[in-house]
Amino acid sequence: MLHNRYRAPGGEERAVANLVEMLSRHGHAVRLLERSSAELGRLGAAAAMTGGGLQPDAIGRAVAEFGADVVHAHNVHPLFGWRALEAAGRAGAGVVQHLHNFRLFCAVGIAFRDGAPCFRCAGRNTLPGLRLRCRGSVSEAAVYAAGLSLQQPRLLAHADRFITVSHFTAGRLIEHGLPADRTDVLPNFTPAAAVAKHSQAEAGEYALAGGRLVPEKGFDTAIAAARAAGMPLVIAGDGPDAGRLAALGADADVRFVGRVDPARMAHLRRGAALCLVPSRCDEACPYAAIEALADGVPVIGSTRGGLPELLERQLVLDGDDAAAWGDAAGRLWRDPAARSELGARALETARGLLSEERYHAELERIYDQARVNRRPATGD
């Protein structure tokens, strides 16, 4: 398993950790190789990004020493790069590239800018990201624009199979060059031990929203909905939008609890009547929704990205229509029986679409395809 950690840990780190633990529990021998850009600093990371990664021979040696027949890569930028995939293939492993977001062509991964989804960068044309300085500074934006454009065709050439976590994400990536005939859709799973036996939403005491406090998560819509519905709202998380959100919630029953550990978050979900996921970006398969479903908490989610696929048995609304969110949240807040019904449906989704056993069976099929249909190593 390969993963280049992000500066701010998020859902992908959780997905990797869950995957390693699940595969080990099912009898697979798993070795996780992680790298962090902080190991080299900005200049070293820039060289890796534009050069296709660093120390690919170390990956080849690790494959040989461990006897790995599959290399499952997650985020590879900047330190692994396409050269890690090429080295894995040369060492005899089937290569699976897991695409959790839009980093194939988007410098910030989430394809969001100026308050709305952004797909100005298309395929290998990453110049809009440079022009708009999506990475902040001109120098870093230039490194990512060049690196993503240079690496994209090589990443596509050296992976035997691709995994995306929603049909929406797959469709967008295929529009930008991802080969449809080598792509599988596999939503994130819920560990079997984490699925509640029954829903407690009927007795819930507040609405819950959680995640990184950034504009694309739409927490301002959650605050407006709570105010309109006259219900308490608990927001778990931190981030650069915290100050603005605190000001917005000053005249409502909104409690900010900061970033909490998994145990504390699980406790908050068990006391929740409903969960709000009002994303404005095209999120693929967010854990805020997945974990709520696994705890039997009804979810109101936005129409963006993969959320409608995930929440087809819950409530889905336009993330920018605060009035609709207030109406829907109010009706659910005042109707414990409706919460109980939606909570039961949530658990059915967790035990079906998001089940660990289903995920493991599908992943083994993908690994088999990667092993059997290995693409020839082609160098540069």
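The values are calculated or read from the model by the stated rules, or taken from the named source; none is laboratory data. In this text, all values refer to a predicted model and were calculated from it rather than measured experimentally. Note: ideal-geometry Cβ built from the backbone for every residue, glycine included; neighbour counts use all protein chains shown.
Residues in the range 186-200 that are under 13 Å from E21 (Cβ atoms) and in a loop (DSSP other than H, G, I, E, B): F189, P191.
Which of the residues belonging to the range 7-47 are closer than 16 Å to V165 by Cβ and touching a residue at least 24 places away in the same chain (Cβ under 8 Å)? Selection gives G10, G11, E12, R14, A15, V16, N18, L19, M22. Tell me yes or no: at least one residue of the range 81-94 is touching a Phe, Trp or Tyr at 6+ places or on another chain (Cβ under 8 Å), of a type in the set (A, V, I, L, M) and either over 21 Å from P191 (Cβ atoms) or touching a residue at least 12 places away in the same chain (Cβ under 8 Å) (or both). The answer is no, given that none of the residues of the range 81-94 is touching a Phe, Trp or Tyr at 6+ places or on another chain (Cβ under 8 Å), of a type in the set (A, V, I, L, M) and either over 21 Å from P191 (Cβ atoms) or touching a residue at least 12 places away in the same chain (Cβ under 8 Å) (or both).
Per-residue answers, yes or no, for (1) in a loop (DSSP other than H, G, I, E, B); (2) in contact (Cβ under 8 Å) with a residue 24 or more places away in the chain; (3) within 24 Å of N101 (Cβ to Cβ); (4) not assigned by TED's automatic domain parsing to the domain that holds I110:
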| site | (1), (2), (3), (4) |
| --- | --- |
| T221 | no, yes, yes, yes |
| V234 | no, yes, no, yes |
| P240 | yes, yes, yes, yes |
| V260 | yes, yes, yes, yes |
| A263 | no, no, no, yes |
| A266 | no, yes, no, yes |
| C275 | no, yes, yes, yes |
| E283 | yes, yes, yes, yes |
| I290 | no, yes, yes, yes |
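Looking only at residues of the range 339-364 that are assigned to a helix (DSSP H, G or I) and without any contact (Cβ under 8 Å) to a residue 24 or more places away in the chain, we find that the one that is nearest to V195 (Cα to Cα) is E341. What number of residues in the range 1-28 are touching a Ser or Thr at 6+ places or on another chain (Cβ under 9 Å), at pLDDT 90 or above and among the basic types (K, R)? Total meeting the criteria: 1. Pairing each residue of the range 141-164 that is not assigned by TED's automatic domain parsing to the domain that holds L54 with any residue that is of a type in the set (V, I, T), provided the two are 6+ apart or on different chains, yields no C-beta distance under 9 Å. Among the candidates A324, A329, the residue that is more than 21 Å from the chain's Cα centre (by Cα), buried (at least 16 other Cβ atoms within 10 Å of the Cβ) and without any contact (Cβ under 8 Å) to a residue 40 or more places away in the chain is uniquely A324.
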